[in-house]
Amino acid sequence: MRAASNHIAVSDHSPAPPVRRNTGPAIPGGHGMRIVERLTSTWGTEADGEGKTVRADLPTTGEGCPRPHTPGPTF
């Protein structure tokens, strides 16, 4: 049986793939991929000719996602 999850997608106009930046708590910005990795069970990217879409599944069971997390294949 597959665990329950919510599927989300966020698009932008940049063709560049998402990159996890080395940041700290006092540095504004650059935390997006770190948040995606910590909160999702799977994620990936899809180029669409005008930019990209990052898609992710958020577990709803309360168990969180497995750690350590490695990005899944592109959608």
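What follows is calculated from the coordinates using simple rules that are stated; it is not laboratory data. Remember, predicted model here, so these are calculated numbers, not experimental data. Positions of Cβ are backbone-derived with ideal geometry, glycine not excepted, and every protein chain shown enters the neighbour counts.
Below are the figures for this structure:
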read-out	value
Which of 54, 19, 36, 10 has the fewest Cβ neighbours within 10 Å, and the rest in rising order	19, 10, 36, 54
Simple spin-label estimate for residue 27 and residue 13 in nanometres, 7 Å along Cα-Cβ	2.7
Size of electric dipole in the range 13-52: Cβ of Lys, Arg +1 and of Asp, Glu -1, about Cα centre, debye, nearest 20	280
